[in-house]
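Chemist: Would you mind keeping the following structure in view while I ask a few things?
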Ligand SMILES: *Cc1c(COP(=O)(O)O)cnc(C)c1O
């Protein structure tokens, strides 16, 4: 099989996500569509023998790269036992073990796991649970949510309400019941002489006055801990989370930590919120939790929330469901992923790896067009100073021509490589990205 055959058939039959399909039209050549034949480690291979280093873990999901032998083996074993069973009225070993182990990772603070298949559904579940739990407690007025400027929590209609990315949201504005928005603690907003912690305190002060005025109507504040990823890798000081937790407690508002992107070791700790020494009322996980093998998302919550639903009345229960809730194969892939974390001491190894990545990227700090070179754990990013509206596409194409998959968000170039990347591949990723940058910028 050749690339061109699959490419044409895909353009005819597959409606690709997050894409203006016309840009893929063969004639325009603006944006290539790349058929992938197989993957191994950090590498993706096409049918014509070309390779690409997956610098974004295929949309942040393939934590341990492609074709990991231990996840493969676990899934083969699970296939011979049980692929799936309805989770209403039934249960199975992988879902029980996964729930116990995740609860253990929160020190037991979030001891109840609810399952779905994708990140946006996890957001929907957390919002519904928060609202419904207040309702069950007689707090009927709490019927709105609070999110940060620049937030991203998924693209279903409910999740868009707490997503602040105009490109994804504006077309659907009439369908959406908007949430309230408070300023972001994005460290790039530092004024002269301000440190990231000062920006965090300033944003928390704005949160405080917003909550003081509106807390009676607010069920929950939803945040992406430490890094607002999809709106451009906005990084912020953990102090914001610490202060937000205090304010939410004071004003009786739930705190939802959406760790769909930043969980699973991305920021240096297993959960990003740990760096603030806090626990949320709801924790959303997806993306990397199954190692990038199968769609899986989880909402974890506290006894306090769980108890609001535990009742003789059916309608006071949480009646939400998805067909694939708690899929056995997906849970088994997640267990294999957690095993790798434990067996290989991944968080410790990632510290060394993250330092190496920083060293590889450090020449960018002196690049005349590069602003805000930043990194937390295994996420690094920089902004490119250019007014070329085509920059993101140009860079993407150039990166592919240099054998790396990097997909800028607007003018922000970011790296979220699989944790199995070795030093040599890290160097390759950085040098090829720098070459792509210069090739993408007009001279
Ligand atoms: C990707 C993402 C989502 C949505 O997950 P999907 O699986 O794409 O629906 C929600 N929140 C955050 C922070 C994300 O990065």
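Chemist: Quote the FRET efficiency, to the nearest 0.05, computed for residue 352 versus residue 86 with a Förster distance R0 of 30 Å and r equal to the Cβ-Cβ distance.
Modeler: Details: r = 44 Å, r/R0 = 1.47.
Rounded to the nearest 0.05, the efficiency is 0.10.
Chemist: Next up: Under the 0.36 nm per residue contour assumption, what length would be gained going from the current alpha-carbon distance of residue 5 and residue 345 to full extension? Write out the running numbers ahead of the final one.
Modeler: Values: separation 340, 0.36 × 340 = 122.40 nm, distance 4.30 nm.
Contour length minus the Cα-Cα distance gives 118.1 nm.
Chemist: Starting from the coordinates of the alpha-carbon atoms of segment 65-144, obtain the Kirkwood hydrodynamic radius over all distinct pairs and give the value in Å to one decimal. Provide the component values of the computation, followed by the final result.
Modeler: Working: mean 1/r = 0.0639 Å⁻¹.
After inverting the pairwise mean of 1/r, the radius is 15.6 Å.
Chemist: Determine, for each peptide in 246-259, 299-312, the mean count of other beta carbons within 10 angstrom over its residues, then list the peptides with the highest first. Don't skip to the answer; put the middle values down first.
Modeler: On the way: 246-259: 22.2, 299-312: 17.6.
Answer by packing, highest mean first, reads 246-259, 299-312.
Chemist: Would you kindly work out the equivalent ellipsoid of segment 268-313 from its C-alpha gyration tensor and give its semi-axes, the square roots of five times the eigenvalues, largest first in whole Å?
Modeler: On the way: eigenvalues 125, 64, 4 Å².
In descending order, the three semi-axes are 25, 18, 5 Å.
Chemist: Would you kindly state how much longer the chain becomes between residue 37 and residue 177 on full extension, computed as 0.36 nm times their sequence separation minus their alpha carbon distance, in nm to one decimal?
Modeler: Details: separation 140, 0.36 × 140 = 50.40 nm, distance 4.23 nm.
Full extension of this stretch gives 46.2 nm more.
Chemist: Order the peptides 386-398, 8-20, 269-281, 231-243 from the highest to the lowest mean number of other Cβ atoms within 10 Å of their residues. If you can, show how the numbers build up before the last one.
Modeler: Values: 386-398: 16.5, 8-20: 10.4, 269-281: 21.2, 231-243: 22.9.
Result, highest mean first: 231-243, 269-281, 386-398, 8-20.
Chemist: Which values of log₁₀ I(q)/I(0), to two decimal places, follow from the Debye formula for the chain at q = 0.08, 0.09, 0.13 Å⁻¹ with a uniform point scatterer at every Cα?
Modeler: Each listed q maps to, in turn, -0.46, -0.59, -1.27.
Chemist: How much of the DSSP beta bridge set in segment 120-247 is antiparallel, as a percent to the nearest 5? The partial results should precede the final answer.
Modeler: On the way: 2 of 9 bridges.
Beta bridges within segment 120-247, antiparallel portion: roughly 20 percent.
Chemist: If you don't mind, another one. Given a Förster distance of 35 Å, report the FRET efficiency between residue 93 and residue 14 from their Cβ-Cβ distance, rounded to the nearest 0.05. Don't jump to the answer; show the numbers that get you there.
Modeler: Numbers: r = 35 Å, r/R0 = 1.01.
That gives a FRET efficiency of 0.50.
Chemist: A further question follows. Largest first and to the nearest Å, give the Cα extent of segment 75-229 along each principal axis.
Modeler: Sorted from largest, the Cα extents of segment 75-229 read 60, 38, 35 Å.
Chemist: By how many nm would the segment from residue 443 to residue 195 lengthen if fully extended, with 0.36 nm per residue of separation less the alpha-carbon distance? Don't jump to the answer; show the numbers that get you there.
Modeler: Working: separation 248, 0.36 × 248 = 89.28 nm, distance 3.41 nm.
Using 0.36 nm per residue and subtracting the Cα-Cα distance, I get 85.9 nm.
Chemist: Can you give the FRET efficiency to the nearest 0.05 for residue 140 and residue 205, using r as the Cβ-Cβ distance and R₀ = 35 Å?
Modeler: Working: r = 30 Å, r/R0 = 0.85.
Once rounded, the FRET efficiency stands at 0.75.
Chemist: Quick check: pseudo-label points 7 Å beyond the Cα along Cα→Cβ at residue 212 and residue 319, how many nm apart are they?
Modeler: It is 4.2 nm.
Chemist: Project the alpha carbons of segment 24-86 onto their principal axes and report the range along each, largest first, in whole Å.
Modeler: 49, 27, 23
Chemist: While we're on this one: Give the peptides 287-293, 92-98 in descending order of average Cβ contacts within 10 Å, highest first. Can you show the working numbers first?
Modeler: On the way: 287-293: 26.9, 92-98: 18.9.
Those peptides, ordered most packed to least, come out 287-293, 92-98.
Chemist: What percentages make up the Cα-Cα pair-distance distribution of segment 182-245 when the bins are 5 Å wide from 0?
Modeler: In order of increasing distance, the bins hold 4, 19, 28, 24, 16, 8, 2, 0 percent.
Chemist: Then there is this: Return the whole-Å distance between the Cα centroid of segment 36-80 and the Cα centroid of segment 331-405.
Modeler: 18
Chemist: Report, for the chain, the % of DSSP beta bridges that are antiparallel, rounded to 5. Present the calculation step by step, with values, prior to reporting the outcome.
Modeler: Working: 29 of 45 bridges.
Of all bridge pairs located within the chain, approximately 65 percent are antiparallel.
Chemist: Per 10 Å bin, what percent of the C-alpha pairs of segment 154-217 does each bin hold, from zero upward?
Modeler: P(r) over segment 154-217, rounded to whole percents: 20, 33, 35, 11, 0.
Chemist: By the gyration tensor of its Cα atoms, with a ≥ b ≥ c the square roots of the eigenvalues, what is the shape of segment 99-153: rounded for a/c under 1.5, prolate for a/b over b/c, or oblate?
Modeler: Values: a/c = 2.00, a/b = 1.31, b/c = 1.53.
It is oblate, given that a/c is not under 1.5 and a/b is not larger than b/c.
Chemist: Would you kindly give the portion of the calculated P(r) for segment 188-299 that falls above 25 Å, as a percent of all Cα pairs?
Modeler: 23
Chemist: How compact and how long is segment 341-420, expressed as Rg and Dmax of its alpha-carbon atoms in Å?
Modeler: Spelled out, the Cα radius of gyration and Dmax of segment 341-420 are 14.1, 47 Å.
Here, each number is a calculation from the coordinates, and none is a lab measurement. Being a predicted model, the structure only gives us computed values, none of them experimental. Note: ideal-geometry Cβ built from the backbone for every residue, glycine included; neighbour counts use all protein chains shown.
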